[in-house]
Amino acid sequence: MKMLSPVVLGLSLAVAGSVMAAAQDDSQKPPVVLQITREFLKPYKGGTPHDKSESAFVTAMTKANFPANYIGLNSMSGKERGLYLTIYEGGFAEWEKDNKIVEKNPALAAELDRASVADGENLSQVDAGVFTLDEDLSYKSRKDLAHARYVEVSDFHVKAGHQSEWHKIAKMVKDAHDKAGTSAHWSMYEVAYGAPDGTYLALSADDSMADIDKGYMENKKFRDAMGEEGMKHLREMMTETVDSSESELFSINPKQSYPRAEWVKDDPDFWKPKPAAKAAAPAAAKPAAAPAAKPAN
């Protein structure tokens with residue numbers, strides 16, 4: 001366990017600038033349910049080949065004006081993989097409605113099937129998990145991702161029978177961040193399906209990697225707010241409560257995302273960049289002058 005890392009100090013590596021950590025009203029709560037699909041790539045199948053196969057899904061969704069949006073993330077640490085976070089603000093009932101839309105639209109279903117087969121050529125493994133929001137464990141959650149460029153994901157596994165201690169840890173950490181006035185923020189999700197019970201994900205979005213630098217620089221403020229005895233108690237509680245933790249960094253890939261319309265409106269150059277203008281055709285070469293006639297002998 002990285003005792004001095006933000007994983008312990010802030011429940012995640014999810015610390016960022018104050019602009020994105022501002023408290024939000026109820027209309028700005030993060031989604032209630034997240035379906036997270038992981039695609040592990042074959043060697044050298046990332047980049048352009050994967051962008052191309054993923055763009056087929058985006059095209060199909062856009063054509064059908066599909067209501068469920070998702071964000072495509074590419075790994076910057078760990079194994080080469082893509083994460084696809086599908087957003088369901090209305091919970092599982094909303095997910096069911098979306099499934100029925102596909103069932104009743106044979107053209108869309110066929111396009112998605114073709115896209116899946118083509119995308120499968122780039123992949124070595126696929127799995128999926130479903131997670132539900134825990135507002136009590138979250139801190140200054142951010143919903144608007146219009147200007148986000150990176151997402152930090154911290155995975156915690158809480159030992160069986162230690163849920164109450166986990167909530168106490170969250171309260172201790174959040175109180176210390178309040179006292180220190182740091183820019184920390186995260187949305188905490190608990191596994192519903194697809195991972196071992198007791199799995200929690202802390203997610204945070206950063207507008208730039210400078211936000212991550214800022215989070216590391218704020219570690220001292222957090223430690224000072226906790227105090228020496230508080231830090232000792234926090235470490236002991238983490239050891240007793242959490243049997244594993246891991247943090248990974250991802251970049252948002254707009255080519256592999258089906259974003260909300262308001263995000264596109266707020267930052268169209270990122271989410272829907274205009275194609276590069278074609279270079280002007282070179283001017284036609286001036287015809288060479290005819291050679292002078294050779295004098296007759």
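The numbers here are math on the coordinates, done by the rules we state, and not lab data. Please read these numbers as outputs of a predicted model, since none were measured by experiment. Note that each Cβ is placed from the backbone with ideal geometry, even for glycine, and that neighbours are counted across all protein chains shown.
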Inter-site label distance for K265 and E103 at 7 Å from Cα along Cβ, in nm: 3.3
What is the packing order of peptides 260-273, 31-44, 203-216, taking the mean over residues of other C-beta atoms within 10 Å and listing the highest first? 203-216, 31-44, 260-273
Surpassing 23 Å at the alpha-carbon level, of the pairs K45/K104; K79/K159; K52/K100; K63/K104, are K45/K104; K79/K159; K52/K100
How many angstrom separate the Cα center of region 180-219 from the Cα center of region 77-135? 23
Placing unit charges on C-beta atoms (Lys and Arg positive, Asp and Glu negative, everything else neutral), compute the dipole magnitude of region 30-262 about its Cα centre in debye, rounded to 20. 440
I need to check one value: relative contact order of region 44-194, counting alpha carbon pairs closer than 8 Å and at least 6 residues apart, in percent. 27
Using 0.36 nm times the number of residues separating H147 and D207, minus their current alpha carbon distance, what extension gain do you get? 21.0 nm
What lysines does K140 reach when the alpha-carbon gap must be under 17 Å and sequence neighbours fewer than 8 apart in one chain are set aside? K29, K171, K174, K179, K214
At 7 Å along the Cα-to-beta-carbon direction for both R114 and D224, put a label point, then send me their distance in nm to one decimal. 6.1
Could you compute how fast region 30-262 diffuses translationally, taking Rh as the Kirkwood radius over C-alpha pairs and applying Stokes-Einstein at 25 °C with viscosity 0.890 mPa s? Give it in µm² per second. 128
